[in-house]
1. Between A:ASN34 and C:ASP172, what is the label-to-label distance in nm when each label sits 7 Å out along the Cα-to-Cβ direction?
2. Going by a ≥ b ≥ c, the root eigenvalues of the Cα gyration tensor, does the range A:123-175 fall in the rounded group (a/c under 1.5), the prolate group (a/b larger than b/c) or the oblate group?
3. Could you tell me how many cubic angstrom of Cα convex hull volume chain D has per residue?
4. May I ask you to list the lysines whose Cα is less than 16 Å away from that of C:LYS76, ignoring any residue fewer than eight positions away on the same chain?
5. Taking θ = phi - 60°, what integer Hz values does the Karplus form 6.51 cos²θ - 1.76 cosθ + 1.60 yield along the range C:71-84, in sequence order, with x for Gly and Pro?
6. Gaussian network model of chain B, Cα springs within a sub-10 Å range: biggest mean-square fluctuation belongs to which of B:THR96, B:THR53, B:THR180?
7. Rounded to the nearest 500 deg cm²/dmol, what is the calculated helix-only ellipticity per residue at 222 nm for chain D, with -39500 (n - 2.57) per DSSP H run of length n ≥ 4?
8. Report D for the range A:1-64 in µm² per second (integer): Stokes-Einstein, Kirkwood Rh on Cα pairs, 25 °C, 0.890 mPa s.
Number of protein chains: 4
Amino acid sequence: MRDSEMSAASFHALYERLRSHAQWGDDDRRGALNHITPARLAAAAGEVRAGRTVTMAAPLAGSAPDNPEPAARHMKRLPGEPSEVAGLSFAADQLTMNVHGDVDSHIDALCHVSYGEALYNGVAPGAVTSQGASMLSIDEARDGIVGRGVLLDIPRLRGVRWLEPGDHVTADDLVAAEQTAGLRVGPGDLLFVRVGHRLRRHQLGPWDVARSRVGLHPLAMEFLAERQVAALGSDGNSDTAPSVVEGVGFGVHVLAINAMGLYLLDYLQFEDLVGVCEGAGRWSFLCVVAPLRLLTGTGSPVNPIAIL
Amino acid sequence: MRDSEMSAASFHALYERLRSHAQWGDDDRRGALNHITPARLAAAAGEVRAGRTVTMAAPLAGSAPDNPEPAARHMKRLPGEPSEVAGLSFAADQLTMNVHGDVDSHIDALCHVSYGEALYNGVAPGAVTSQGASMLSIDEARDGIVGRGVLLDIPRLRGVRWLEPGDHVTADDLVAAEQTAGLRVGPGDLLFVRVGHRLRRHQLGPWDVARSRVGLHPLAMEFLAERQVAALGSDGNSDTAPSVVEGVGFGVHVLAINAMGLYLLDYLQFEDLVGVCEGAGRWSFLCVVAPLRLLTGTGSPVNPIAIL
Amino acid sequence: MRDSEMSAASFHALYERLRSHAQWGDDDRRGALNHITPARLAAAAGEVRAGRTVTMAAPLAGSAPDNPEPAARHMKRLPGEPSEVAGLSFAADQLTMNVHGDVDSHIDALCHVSYGEALYNGVAPGAVTSQGASMLSIDEARDGIVGRGVLLDIPRLRGVRWLEPGDHVTADDLVAAEQTAGLRVGPGDLLFVRVGHRLRRHQLGPWDVARSRVGLHPLAMEFLAERQVAALGSDGNSDTAPSVVEGVGFGVHVLAINAMGLYLLDYLQFEDLVGVCEGAGRWSFLCVVAPLRLLTGTGSPVNPIAIL
Amino acid sequence: MRDSEMSAASFHALYERLRSHAQWGDDDRRGALNHITPARLAAAAGEVRAGRTVTMAAPLAGSAPDNPEPAARHMKRLPGEPSEVAGLSFAADQLTMNVHGDVDSHIDALCHVSYGEALYNGVAPGAVTSQGASMLSIDEARDGIVGRGVLLDIPRLRGVRWLEPGDHVTADDLVAAEQTAGLRVGPGDLLFVRVGHRLRRHQLGPWDVARSRVGLHPLAMEFLAERQVAALGSDGNSDTAPSVVEGVGFGVHVLAINAMGLYLLDYLQFEDLVGVCEGAGRWSFLCVVAPLRLLTGTGSPVNPIAIL
């Protein structure tokens, strides 16, 4: 076992420790969103000073080795064709997409992970059937996830373009990055950790991400618990591959969603935001995540907006 | 011709008048979003005081007479089933939906309407092919539409639960409603006009909206032009049915999208927001609209978020 | 209980009786297709004399009260648009459809029904997961279902245009109809029972078929078992609504698929075939059913071809 | 120009020559299906002697370099889950697939190719819009394509497992193969030419078929015209890549569909059939192709059935 690896016992202890921090009652369905109090949300609006907005999503991707079932849009009507409406014609289309996947930007609902035969907060996996999630669906976040967003750019910290697949971000990295950014991650923050995954994909092309991916080390989740972070986003999916945990894949997913009730935002795009943050000389902003209203959905495609 | 009806000539004159107000150059693709300046956007953040967020979308609807091709979500994986991932299992699903339609909340891109053999700003309809929109797609709004939102509740003004299908909202209604709301609609505002369409549907069930719908009178668009509104949303689709314009259906769509470059948000849901505004005693808020990044799309499903 | 109704006990006894007739071993996955021997299949080719073929399917239907999730076809490429292929352009499209439903012609695989916590031949329902059917999928019929087809036209027998919803076809009807048709239903035959459902729908428009439908009486399945029929098709779905069985909906589906291993073909279209059979003065033909190769599918859209 | 290549002028002359053979009147929409007379169809039934059926389709394929938008099937209901139907539960699913593509077995309708600004028989390309094909759709073949099938196995003729991508099948190959098979291709036959494409894909894995594919040489189409073949199928798509024709890709598609009105069946699977034909010592059979009833479709997935 390498230094970075975790035994099954260590992981399970960490899981129980993080779960014990995330106690909002047996009926809780909001998880770490409870950290976003009205006062914190109102304070986050103070981040808006320049009057500028930036997307944190990437355009839907085409077919690729890491995107075997790509989203599709089909035209329903074309302008210029004969129309049943007097005097005009419409352009219209249809969207089909997997909510989860390894390229398109999306948010995971709290029903997304079953571990130890339970979803978040002990909900039985049978709450999700072929008809969708009757509990813990993405519609729990229907009013949006709004708070102070903080971008920690780990490649910038380390002086590289991107972290290589298989590498992991530690709690020490996060602490160093917040210091470099001149801020302190705090309660109710929406934390975004850039690992450079998307830039690497853009520059070098896709690779087999199921086998090789950079993410957070599971122990780094203690940092998020202590700081009472409300959501975690990355330009990867926050998990490394291969897993460093004995007998468990996607350890960060298990800890975040299942133990901590933390919404994960996967495969975001930070290249636009990095430029704006560098220009503005600050790495925090008002952030709005607006999942679609998919009543029994396990997540949603999203376009998180940073407002500075 | 009833008093409320417009001749073809009057409509065309109105169209040209509104178009002459919307001049940001031949290459402009942002339309009325140009009204949202950084200063106005930054000022809008001042609307956030209570630290509360509200959805302005409705959950995706099922099959109904006004929704003949309903959105579908299908489960890709169920938690609890045998999993290829060590130690856990995932819930995952897929989304399919028409972007436009008469029930689900969505935004129209500026390529949505062809009138007089042109899209917005003279772009040729051939810019939209079976491969999507090569110009004026919804990705023009990729950084989100963020500004001061204003809700004008016309049924509240008139002391009714909802306006009946076929009725129309006039410029006088809008002026009266802003006075009642104690505010003045101004440059860069995102204007939301409640007609009660969705509440009526919820209470009485769906009807044939293609034949009978309440919306704005085309002449009311002059109010929006004068006030330099940046976007228009409604719980209907802003257009009446039957059309009051001789020889043109969807007159408001033509004026808004095609002449004014105004993004339309159709079939929103204001019931949650009305309650919050009543409680707060004010009808303005920070509003964030985050379209999905559909590169060549004619619009997007959205969940606009009001932040008070 | 009306005369036509069955108690739970009577139905269960019938179920067991029919199941005892359908014994091809524990590993059998072909069910009643076992009745189609090479000799019978070769003999069926003798039905081809006029050299004429007829479709037994209806075109895919649009949205309607009995078709709330209609099939869709979307254009992928249009001829005449700019093409990446030298010298020509292609038309191409995409198909999306529910395999089962109440309008489109389709075949049910032997995994379609779970009754008494088992699929056909005692296979556990868990053989079907979100990934599809690992056993008893429609690909068991990949080589096609080919044999003598026999059309029994019950409205014709009774001198009506169609049987009314709620009515049922009895074993006596089937015997009378084969006599009128001048033939005897025998081993390996593909039996098609016309009830007039589709003609009624075409003439009067759709209705609430979940509540009111004409089909076979469950007791009529004894006729099919005795005659060793290999498949059963109808212009309805072979089951009446409301069910005549105490505590069990879709009694014929249960008996046919689950007890007898009989493939059901639902919502076929016999109007074309009736005309041809009347003209030819005979009601038997070579019939070919070619399900798509959907490896783990629960059925398939089909276009059964009658060859006379 | 290599010996096998054709100049633009030679190709155009061939096109016109083949088109002059395919004259069934300006209103004709059946094309080469006109070669299947009732007498020929009835005679084809004499091919059925052993009473055996074989699929000529492959199962739907997953994502691969030659299948970037794979078909998908989603479960709508799972057996064993709580059911709204008394006493039983259903398995149900949904199918989504591109009709055309480079792996899944399908048939091309006569609207599939536009060449020289026309579809088959001079129909304008504008007959196909975003709403589908108003003329020459696959529903023209709604009654099935039934006739004598003939399989010519070119790798068997040449003593190889498969022809290499880029190679082409000549008219001489076809003549030699029919002699080896002990038959003569004749009027109304459905001709299937095996090149080994699918076996190679199965053994070696997928490759970039857009760049490198084995098919018929365009000049071989004269053989098909002289023999009055009614349809052409292959385990490739009948066209070579790169194209041997100056300035025209997919020359066989142009000649077959556009000039000759010949239905093409692409990416079939002959491995099962080859074994049966070898065992039976003959290479002809009754063949039934049953396209789905896609009213305005450009083709259909199919499972052609050989009956011996």
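1. Once both label points are built, they end up 6.9 nm from each other.
2. Prolate.
3. 163 Å³
4. Within the straight-line cut-off, C:LYS76 pairs with A:LYS76.
5. Result, rounded to whole Hz: 4, 9, 10, 10, 6, 9, 8, 10, x, x, 6, x, 10, 7.
6. In the Gaussian network model the winner is B:THR96.
7. Rounded to the nearest 500, the figure is -5500 deg cm²/dmol.
8. Rounded, D is 145 µm²/s.
The values are calculated or read from the model by the stated rules, or taken from the named source; none is laboratory data. Worth saying up front: this structure is predicted, and the values here are computed from it rather than measured. With ideal geometry, Cβ positions are generated from the backbone for all residues, glycine too; neighbour counts draw on all protein chains shown. Ligands, DNA and RNA are stripped out before the accessible areas are found, and what is left, the full protein with its side chains, is counted by its heavy atoms. Shrake-Rupley method; radii C 1.70, N 1.55, O 1.52, S 1.80 Å.
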